[in-house]
1. Nearest 500 deg cm²/dmol is fine: what mean residue ellipticity at 222 nm does the chain get from its DSSP H runs of n ≥ 4 alone, each adding -39,500 (n - 2.57), divided by its residue count?
2. How much accessible area per residue does segment 328-431 have, counting only protein heavy atoms and a probe of 1.4 Å, in square angstrom?
3. When averaged across all projection directions, what area in nm² does the alpha-carbon convex hull of the chain cover?
4. Determine, from the Cβ-Cβ distance of residue 354 and residue 378 and an R0 of 35 Å, the FRET efficiency 1/(1 + (r/R0)^6), rounded to the nearest 0.05.
5. Which values of log₁₀ I(q)/I(0), to two decimal places, follow from the Debye formula for segment 321-420 at q = 0.10, 0.13, 0.16, 0.21 Å⁻¹ with a uniform point scatterer at every Cα?
6. Please give the charge dipole size of the chain, origin at the Cα centre, charges +1 on K and R Cβ atoms and -1 on D and E Cβ atoms. Round to the nearest 20 debye.
7. At 1.4 Å probe radius, can you tell me the per residue accessible area of segment 60-115 in Å²?
8. Near the amide H of residue 86, under 5 Å away, which other amide H atoms are found, from residues 5 or more places off or on another chain, if H is placed in the peptide plane?
Amino acid sequence: MAAVFPSLIQEWFQTHMPTPELNNFKTALAALKRRRPSFGRAESRFFAGELLDLLNELKHSAVTPEEGVKSIAALFEADRVLFEKCDDSNGDIGDVFKADLANAFSLYASQCKNKEAVVDLVLKLNKADSYGVRDSLFDGLAGYLSKAEIQATVDKLWLLSKSSRPDKDNDGYYYDNWLAAIQSIAKQTSNPELFEAASGKAEGKTLSTAASIELAEVFFESGEPSKALAAMAQISTSESYMEEERDRLLIEIYRKLNADRELTETLWRVFRRQRRLETFDALIMIVGKDNKERLVDDETKLIFASPEYETSNAVFLIEVGRAQDAERYVIEKFDDIEGGFYTSLLPLADLMLQENLIVGGSMIYRALLDSLLARAKAANYNHGVRYLKKLDKLAPGIADWKGARPHVEYFAELEKKHKLKAKFWTLYGRH
């Protein structure tokens, strides 16, 4: 039996959708309600697509801004019914609410004359945010409110936070939500003092790593890089959480402060964590182009000295003009290549073949094939067949295998090791 939408929504549609255009939206919503009661995780993206279709129905209707705001608000009020219809562990439906619907709400809100009524609607929706999607409506407030309207909204949020502060009669469930809304407005308006107040920093509270980074970002955006750096200094140097985000912000801060020594140290740290051409080029800009070849030589030695294989190292070697070293690296480290990481290995294989590194490309395809067959999932055998046929095609063009086993030997061993995988060999064409 299909779930029933809250009577409030039904009532609103009956009284606010008299035009044919709005009736299109109403009809689409009714169709969504008639869908079977539940969706599995794999199907949730299709349900999300239907929500987007519903939003498009509204966008193509001749609605007033006020009607648009109320229509989207009605969808947010229906979040419980929608989320109970499906397993949204992939986040597909949540993303539609937090991005598409929230953005459309802000667009309509920016054209409404009575902004106070819009803010009150956002506050009303967030007094019952059981699924954590309604707070996304706060993220666009500063885009359509005046300075005075923003201040009035912040004042309302402070009052709500005080009234929901946890005590013996109140569990404070929404207390943090209201403070988070103020922090969101602080970030949108580049107001670090407001962020400090809402985060508790002004009262001496020790901020989490994430909050410290956010505060630093607000200081940086407000034109105070020194204070941004001070906020970052509150994070322990031994803390590994969000290290990429921290270093990315530190790079921006040091550049703004012209702190070349600290910038160089940070760039090296980022580069050593994962060698990327972009970071290397930034280092060269500081240490000088005359040092580039020496640095490439040093990094090549370090790459080969490391016992671990990293796909980013092979890509880096190709990008800095050391293609032959990249191929040698893949051949020597072949036993350490984890073929399950196909999202990074397939692009590397393509890159190697573009550079005419046929042996190196073949090694990557072997790693992919070996991993796939070891997992023994028949549903994926078609990919394995494609890898093997690619190897068959590449082999005749290789005269020197550079220490790797020739394809004939590899194929014979593969056939022996996986002879019982009948489906794979049938797909391959060998009975």
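The values are calculated or read from the model by the stated rules, or taken from the named source; none is laboratory data. All values reported here derive from a predicted model rather than from experimental measurement. Note that we place each Cβ from the backbone using ideal geometry, even for glycine, and neighbour counts take in every protein chain shown. Ligands, DNA and RNA are stripped out before the accessible areas are found, and what is left, the full protein with its side chains, is counted by its heavy atoms. Shrake-Rupley method; radii C 1.70, N 1.55, O 1.52, S 1.80 Å.
1. -20000 deg cm²/dmol
2. Heavy-atom accessible area per residue stands at 56 Å².
3. Numbers: hull surface 118.4 nm².
Projected area, direction-averaged: 29.6 nm².
4. Numbers: r = 32 Å, r/R0 = 0.92.
It comes out at approximately 0.65.
5. Rounded to two decimals, the profile gives -0.25, -0.42, -0.64, -1.13.
6. 1460 debye
7. Result: 41 Å² of accessible area for each residue.
8. Those qualifying (amide H under 5 Å, at least 5 residues apart or on another chain) are 39.
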